Amino acid sequence: MSTHVNASGAVERRAFVSQLIAAAPDALVISGLGSPSYDVFAAGDRDHNFYLWGAMGGAAAMGLGLALAQPARSVVVITGDGEQLMGVGTLGTIGAKQPKNLTIVVLDNGHFGETGMQRSHTSLGTDLVAVARGFGIKDAFSVRETDQASEVAERVKARRGVAFAQVFILPDEPARALPPRDGVHVKNRFRAALDLPTF
């Protein structure tokens, strides 16, 4: 297995997401709007994927609700630095509730990729690992090599507590892989995969 890493210590986002999902195939995945949803879809469409097309700042909150509602299932939120910064207060609630089955993965390129690649707070001094720890998420760490996806996956599968991974990715824009845009379809497919009624 090769390690995708450049001189600055940033990983290739698509390779990382693909390895993570492949290593934790039973996880329920919530993807933040924009590129993280494209990355998750590019790794292979699954009934257990819930793609957020909007609701900026809502991915971690949705992951928390899902983790609390489905305590026997592993839940992974895959989102970007800009989206997580907008919903940063949710980390406080996650730290207070401490669901054992929730992993937050922030793909951090230091830019707001959906609005023109302006620099985000993480390239201007904000340390998301320190922020997460400040909110009470003890297992918060940074990732700088693609092969660390297996380490993150082990936390996902173990369900021993909240984990927060800040994954430093290259500031590039891979070709878009667009998931389904039909929100009702995505919702009903996801609910059916959980043996819940659809409507």
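Numerical summary
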{"quantity": "Matching residues, the range 49-107, being in a strand (DSSP E or B) and in contact with a Gly (Cβ under 8 Å, 6 or more places away or on another chain)", "calculated": "Val75, Val76, Val77, Ile78, Thr79, Gly80, Leu102, Ile104, Val106, Leu107"}
{"quantity": "Residue count, the range 33-48 (criterion: in a helix (DSSP H, G or I) and of a type in the set (A, V, I, L, M))", "calculated": "2"}
{"quantity": "Subset of the range 158-194 (residues that are part of a loop (DSSP other than H, G, I, E, B), free of Cβ contacts under 8 Å to residues at least 60 places away in the same chain and over 30 Å from Asp127 (Cα atoms))", "calculated": "Asp182"}
{"quantity": "Residues located in the range 10-47, provided they are out of contact with any Pro (no Cβ under 9 Å at 6 or more places or on another chain), under 18 Å from Ser150 (Cβ atoms) and of a type outside the set (Gly, Ala, Ser)", "calculated": "Val11, Phe16, Gln19, Leu20, Ile21, Pro25, Asp26, Val29"}
{"quantity": "Any hit, the range 151-158, residues being among the β-branched types (Val, Ile, Thr) and touching a Phe, Trp or Tyr at 6+ places or on another chain (Cβ under 8 Å)", "calculated": "no"}
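Laboratory data are not the source of any read-out in this text; all were calculated from the coordinates shown. Note that the coordinates shown come from a computational prediction; the quantities given were computed from them, not determined experimentally. Virtual Cβ from ideal backbone geometry, glycine too; neighbours counted across all protein chains shown.
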